[in-house]
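Worksheet: one structure, shown below.
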Amino acid sequence: MNDQDLERLLKSAGPRERPPAGVERAVRAELHAEWQAMLHERRGRRNRRGAFALAASLAVAAVGAWIAGTQTAATPAAIGTLAAAVGDVRERSGWLAGWRAMENGDVVVAGRTLETAADGRAAIALAGGVSLRIDRGTRIAFIEPSRLRLERGALYLDSGAGQQQPGRLVVETPAGSVRHVGTQYELRLLDAGMQLRVREGRVEFRSAAGLVEQGHGGEQLVVFGDGRVERGATPRSGPSWAWITDATPALDLEGMNLARFLAWAGRELGRDVELSGAVTEADLAAVMVHGSTAGLAPAEALQAVLETTRFQAALDGDRILVGLRDSI
């Protein structure tokens, strides 16, 4: 609005008594000043809106850059390979990411979380010959190659035969952490705490308060939320361990002798291999086996393989008795 606009506005009101010239000039000047102030305020609001929009855009860009940076700044360390997947097994790379279905052969990397549904079980081949089995309804966060966190459900860890050095892998739980020493063990979260069953070897449990407990083969520890620890016996084989065989990876038998295969079957079943009669270790080592155990549970694979030889086996408690056919 300029002076001409103001004059037209005044004229449109019709004839009236004109004020003194000085008063009219003062009124015009005041109106003009107010109009200029209003224009300035509008420009300020537009500038502030633009600044706010720019700031919001920069914030969005910063968040996007942070997310992208967390995903691409460094290649995650490979922890192992998914060796067997039964049912729904999935992973996600962060709390902002969605779940992705996993398949046999997928690489498991640090910084991701793996989950099995109510129908899912899995086996992961870790470095150094360590086998990790994951039960139904379980969630595990792989923090780094030597550290993982069990958030719910249960896992079974087999560090491999013949390992004498303390294991580097630490499993964290709400009750404390577990470290193995050449062992096979099951770790299961309970509503009241945690259950640790040692099938073979030795396990060290360290509570959040610094309490250290050790479990040995055939022993079970139940750690309650208040820190109490109850000990008891647990069988090395039998129905309570059967879930592990659902996620046993297929074994390639080509180039393997019978002695080595029986050692594998004994470890999977939690039983010691004992030779009956005149059978010797050399007899078993001289027999080569073929094919694969794909689609077979360890007990089924044991019988199927021995059917092709002159030997047979019988399950007797915590033993696998191996002898010549029709001798046992």
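Shape descriptor for region 80-172: Rg over Rh equals 0.95 (Cα atoms; Rh from the Kirkwood inverse mean 1/r).
Leaving ligands, DNA and RNA out of it, report the carbon-plus-sulfur percent of the accessible area of region 250-324 at a 1.4 Å probe.
On region 250-324, the fraction of accessible area on carbon and sulfur atoms equals 53 percent.
For a distance above 28 Å, tell me the whole-number percent of Cα pairs in region 186-328 that qualify.
Working: 3368 of 10153 pairs.
Value for region 186-328: 33 percent of Cα pairs lie more than 28 Å apart.
Less than 5 angstrom separates the built amide H of residue 152 from those of 139, all sequence-distant by 5 or more or on a different chain. Near residue 143, the amide H atoms lying under 5 Å from its own belong to 111, 148, 149; only residues 5 or more places off or on other chains count, and H is placed 1.01 Å from N. The figure for residue 130 is an accessible area of roughly 20 square angstrom, using a 1.4 Å probe on the protein chains alone. Which distance in Å, rounded to a whole number, links the C-alpha centroids of region 180-233 and region 72-129? Spelled out, the Cα-based centre of one part sits 25 Å from the other. Once the convex hull of the alpha carbons of region 250-324 is built, what does its volume come to per residue, in cubic angstrom? Each residue corresponds to 74 Å³ of Cα convex hull volume. When only the Cβ of Lys, Arg, Asp and Glu is charged (+1, +1, -1, -1), the dipole of region 271-328 relative to its Cα centre reaches about 140 debye. With a Cα-only, solvent-free Debye model of region 78-241, what are the log10 I(q)/I(0) values at q = 0.13, 0.19, 0.20 Å⁻¹? Taking Cα atoms of region 78-241 as identical point scatterers yields -0.58, -1.26, -1.37.
Give me, ordered by chain and number, the residues 5 or more places off residue 80 or on other chains with an amide H under 5 Å from its own placed amide H. Residues meeting the amide H criterion: 108.
List, in order, the whole-Hz ³J(HN,Hα) value for each residue of region 293-301 obtained from phi through the Karplus relation with A = 6.51, B = -1.76, C = 1.60 and θ = phi - 60°; use x for Gly and Pro. For region 293-301, the Karplus-derived couplings read 8, 3, x, 10, 6, x, 5, 5, 5 Hz, x marking Gly and Pro.
The listed residues 219, 151, once ranked by accessible area (1.4 Å probe) with the largest placed first, stand as 151, 219. For region 221-232, 3J(HN,Hα) computed residue by residue from phi via the Karplus equation (6.51, -1.76, 1.60; θ = phi - 60°) reads 10, 10, 9, 8, x, 8, x, 5, 10, 10, 10, x Hz, glycine and proline entered as x.
Pairwise Cα separations in region 180-259 fall into 10 Å bins from 0 onward with the following percentages, short to long: 16, 42, 27, 10, 5, 0. Converting phi to 3J(HN,Hα) with the Karplus coefficients 6.51, -1.76 and 1.60 and the offset θ = phi - 60°, region 141-156 yields 9, 8, 6, 7, x, 10, 8, 9, 10, 8, 9, 6, x, 8, 9, 10 Hz in sequence order, with x at every glycine or proline.
Peptides 141-150, 175-184, 236-245 ranked from most to least packed, by the mean per-residue count of other Cβ atoms within 10 Å: 175-184, 141-150, 236-245.
The values are calculated or read from the model by the stated rules, or taken from the named source; none is laboratory data. The shown structure was predicted, so the numbers you read here are calculated from the model rather than taken from an experiment. No Cβ is skipped: glycine too gets one built from the backbone with ideal geometry, and neighbour counts run over all protein chains shown. The accessibility values were calculated without ligands, DNA or RNA, using every heavy atom of the protein model including side chains. Shrake-Rupley method; radii C 1.70, N 1.55, O 1.52, S 1.80 Å.
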